[in-house]
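Chemist: Before we start, here is the structure in question, set down as structure tokens.
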Amino acid sequence: MSTFPKGYKSCSLNAGIKDDTLDFTILFSEVRASAAAMFTKNQFCGAPVVVGKEHIADGYLQAIAVNSKNANVATGEKGLEDTRKVTEAVAQELSIDPKDVLPSSTGVIGVPLPVEKILTAIPGLKNKLTEDGLEQSAKAIMTTDTYPKFRTRKMGNVTISAMAKGSGMIEPNMATMLSYILTDAAIEPAQLQKMLKKAVDVSFNSVSVDGDTSTSDTVVLMANGLAGEVNVTEFETVLTDLCIELAKEIARDGEGATKLVEVQVTGADDHTVAKKIGKSIINSPLVKTAIFGEDPNWGRIMSTIGNSEDKVNTASVSVSFADVYVFKNGAPAEDKRAELAEYLKTDEVLIKISLGDGPGAATVWGCDLSYDYVKINGEYTT
């Protein structure tokens, strides 16, 4: 029994875009698949995002073509032409309609795509497609990631496989940097889009590495129906769990990160307020550097909560690191700095914030901010 969904094939190769690592991959369904996607809200979105939105508008796809090492962003009209050339070449090689190919690119911004290298690599790809290459594809889409992010789940006959990449420039608004989810379940496009939006909101849309929304964020879900009907409620639960796992991996693998940080906010007026305050904590350079330095300086959390645009009843606020309270019902708790310093040595840090007794709650994920983050981004194009 394959652990991959039925009817999908893939291949990954090096087209020589920047170095000799894998930098181009194709994900192909033997039949046209229902499809849903969400994209970046960045106004300087990449050429592939523009073309991808056009191609998925009818709710169907048959292939996804991704290159890493170059984002094809801020490349003007030529960038769009280059993207269309790639999708047309892929469609021709696979004997499918170009509108059924979704393009994606990730990597450095503002550098023209070396399109000739990619076009030279495409002929003959059809014969290289295999049924067991999805984990290779997860490698081919990496940029500054230190490891591939891939998961598979089964529900009876149905399988879902999901991959993601993302390590820096992660402050998604509707999506993550890049994520591709493939399933053999039979689900209509409209329902697929609804499920994807809900799953993304509590996963990729709840993670932040550095507060910068990428120009290429894309998450795509394809369902080719080859395993038949599925219990939709169960499918949505598994899809959401998979997305949350991948979102946490992205935060854990944040550029230069040494710790995964989870912030749980409860008691807010509504979900939006809870999420906003949670995000402000994981985006605060002062909180992030304190966690990196394993410094139990919880005052920085209080200051960040206090800076919220939304009204906070400070007399009702409680804050704890896991189960160690630092602030309870509007007043400092018993001094447990030694216990806290010990807790901060772990590589997963949980911060719980209660704002009172409102119904709003949200969980968000981020990472610490290390010396390496500055180094990686100070030398990114050189």
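The values are calculated or read from the model by the stated rules, or taken from the named source; none is laboratory data. Here the structure is a predicted model, which is why all the values come from computation and not from measurement. When we count neighbours, we look across all protein chains shown, and the Cβ atoms used for this are built from the backbone with ideal geometry, even at glycine. Each accessible area value is taken on the protein alone, full model and side chains, heavy atoms only, with ligands, DNA and RNA left out. Shrake-Rupley method; radii C 1.70, N 1.55, O 1.52, S 1.80 Å.
Chemist: Taking the square root of 5 times each eigenvalue of the Cα gyration tensor, what semi-axes in Å does the equivalent ellipsoid of region 317-382 have, largest first?
Modeler: Details: eigenvalues 187, 61, 18 Å².
With the √(5λ) rule applied to region 317-382, the semi-axes are 31, 17, 9 Å.
Chemist: Give the aspartates and glutamates reachable from Lys352 as a straight Cα distance under 14 Å; neighbours fewer than 8 places away on the same chain don't count.
Modeler: Glu262, Asp323
Chemist: So if I take the alpha carbon set of the chain, get Rg, then get Rh from the Kirkwood formula, what is the Rg over Rh ratio?
Modeler: Using Cα coordinates only, the ratio equals 1.01.
Chemist: Just to be sure I understand: of the beta bridges DSSP finds with both ends in region 238-382, what percent are antiparallel, rounded to 5?
Modeler: About 70 percent, rounded to the nearest 5.
Chemist: I've got another one for you. Just tell me, in residue order, which DSSP H segments of the chain are both 15 angstrom or longer along the helix axis (alpha-carbon based) and at least -1.0 in mean Kyte-Doolittle hydropathy.
Modeler: Long hydrophobic helices here: 76-94, 189-201, 232-252, 271-283.
Chemist: Taking every eigenvalue of the Cα gyration tensor of region 74-144, multiplying by 5 and rooting it, what semi-axes result, largest first, whole Å?
Modeler: Rounded to whole Å, the semi-axes are 21, 17, 10.
Chemist: Take the Cβ-Cβ distance between Glu379 and Leu286 as r, set R0 to 22 Å, and report the resulting FRET efficiency rounded to the nearest 0.05.
Modeler: Efficiency at R0 = 22 Å is approximately 0.35.
Chemist: Still on this structure, please answer the following. Lysines within cross-link reach of Lys85: Cα-Cα under 20 Å, excluding same-chain residues under 8 positions apart?
Modeler: Within the straight-line cut-off, Lys85 pairs with Lys18, Lys53, Lys69, Lys99, Lys117, Lys126.
Chemist: Ok, one more. For the cross-link pairs Lys197/Lys288; Lys165/Lys248; Lys275/Lys375, which exceed 23 Å when the distance is taken from alpha carbon to alpha carbon? Don't skip to the end; give the middle numbers.
Modeler: Values: Lys197/Lys288 29 Å; Lys165/Lys248 11 Å; Lys275/Lys375 30 Å.
Those over the limit are Lys197/Lys288; Lys275/Lys375.
Chemist: For region 278-369, compute Rh as the Kirkwood radius over C-alpha pairs and then the Stokes-Einstein diffusion coefficient at 4 °C and 1.567 mPa s; write the answer in µm²/s, rounded to an integer.
Modeler: It comes out at roughly 96 µm²/s.
Chemist: Now, a different point. Share of antiparallel DSSP beta bridges in the chain, in percent to the nearest 5?
Modeler: The antiparallel fraction comes to roughly 70 percent.
Chemist: Based on the Kirkwood radius over alpha-carbon pairs, what value in µm²/s does the Stokes-Einstein equation return for the translational diffusion coefficient of region 148-304 at 10 °C and 1.306 mPa s?
Modeler: 96
Chemist: Could I ask something else about it? Expressed in nm to one decimal, what extension gain is obtained for the pair Lys128 and Ala186 from 0.36 nm per residue of sequence separation less their Cα-Cα distance?
Modeler: 18.2 nm
Chemist: So what are the three principal axis dimensions of region 230-286 from its Cα atoms, in whole Å, longest to shortest?
Modeler: 46, 33, 11
Chemist: With just the Cα atoms of region 194-251, tell me how far they stretch along each of the three principal axes, in Å, largest first.
Modeler: Rounded to whole Å, the extents work out to 41, 19, 18 Å.
Chemist: Here's another thing I want to ask about it. Leaving out ligands, DNA and RNA, and with a 1.4 Å probe, what % of the accessible surface on region 290-382 is carbon or sulfur? Walk me through the numbers on the way to the answer.
Modeler: Details: 2590 of 5320 Å².
Carbon with sulfur: 49 percent of the solvent-accessible area.
Chemist: Would you kindly calculate the translational diffusion coefficient of region 90-189, applying Stokes-Einstein with the Kirkwood radius from alpha carbon pairs, for 10 °C and a viscosity of 1.306 mPa s, and quote it in µm² s⁻¹ without decimals?
Modeler: 99
Chemist: Jot down the radius of gyration and Dmax of region 1-129, Cα atoms only, both in angstrom.
Modeler: In Å, with Rg to one decimal and Dmax whole: 14.1, 46.
Chemist: Here's another thing I want to ask about it. Set Lys and Arg Cβ to +1 and Asp and Glu Cβ to -1, take the dipole of region 287-382 about its Cα centre, and tell me which of Leu350, Gly360, Phe321 lies farthest positive.
Modeler: Gly360
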